[in-house]
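Asks: This is the structure I want to talk about, given as structure tokens.
The values are calculated or read from the model by the stated rules, or taken from the named source; none is laboratory data. On a predicted model such as this, the values are computed, not experimentally measured, just so you know. With ideal geometry, Cβ positions are generated from the backbone for all residues, glycine too; neighbour counts draw on all protein chains shown.
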Amino acid sequence: MKQKLVKIHAIAATCALLMITVFFISTLISELSGNLLYITTVKSYIFYAIWLLIPTMAIAGITGNKLAPKANSGTIGAKKKRMPFIALNGLVVLIPSAVYLKSLALTGRFDTTFYIVQGIELIAGFANITMMSLNLRDGLKIRNQRKK
């Protein structure tokens, strides 16, 4: 059962990291292209994809806590300390930004507000990619230590 939980955790966490990375890269490419239709399309796809990302992140968090409910130090402790920041960043900054940016893009409001929110979203997204990448690195470190 524990091995199955480890696999579910690894798959969910990796999928979540990949989705956020794709959102980030797609946003950068669309913004750099300057094509408003492309930007609107990317904002719309991100809006719809976050509803897949949310349960994926929840599964990663729940399985991670089930695998190490009492661990608060070491590598596992470091992963657990990052998780509230990742979740808070997603719930308070990234999801509202995605919803708002889609709304602005669909109404053609590519103004200062759009680009300020877009900048905040990119910074928050980069922060989550960084923290989630550190969690992936630590998860691989734990796996390799257990194999030895």
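Asks: I'm checking my understanding of the structure. Among residues of segment 134-148 that are among the polar types (S, T, N, Q) and loosely packed, with under 13 Cβ neighbours inside 10 Å, which one is nearest to L18 (Cα to Cα)?
Replies: Applying the filter and picking the extreme gives N144.
Rundown of residues vs (1) out of contact with any strand residue (DSSP E or B) (no Cβ under 9 Å at 6 or more places or on another chain); (2) polar (S, T, N, Q); (3) in a helix (DSSP H, G or I); (4) under 25 Å from I8 (Cβ atoms), yes/no style:
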position	(1), (2), (3), (4)
V99	yes, no, yes, no
I120	yes, no, yes, no
R137	yes, no, yes, yes
K141	yes, no, yes, yes
Q145	yes, yes, yes, yes
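Asks: Continuing with the same structure: Condition first: in contact with a Ser or Thr (Cβ under 8 Å, 6 or more places away or on another chain) and at pLDDT 95 or above. Can you find one or more residues in segment 85-101 that meet it?
Replies: No - not one qualifying residue is present in segment 85-101.
Asks: I want to confirm something. Restricting to segment 105-118 and keeping residues that are touching a residue at least 24 places away in the same chain (Cβ under 8 Å) and assigned to a helix (DSSP H, G or I), which single residue is surrounded by the most Cβ atoms within 10 Å (Cβ to Cβ)?
Replies: A105
Asks: Something else now. Could you look through segment 1-17, keep only residues that are surrounded by fewer than 13 Cβ atoms within 10 Å (Cβ to Cβ) and not in a loop (DSSP other than H, G, I, E, B), and pick out the one that is nearest to the chain's Cα centre (by Cα)?
Replies: K7
Asks: Out of the residues in segment 64-94 meeting the condition of being in contact with a helix residue (DSSP H, G or I) (Cβ under 6 Å, 6 or more places away or on another chain) and among the β-branched types (V, I, T), tell me which one is nearest to F47 (Cα to Cα).
Replies: Only one residue fits best here, namely V93.
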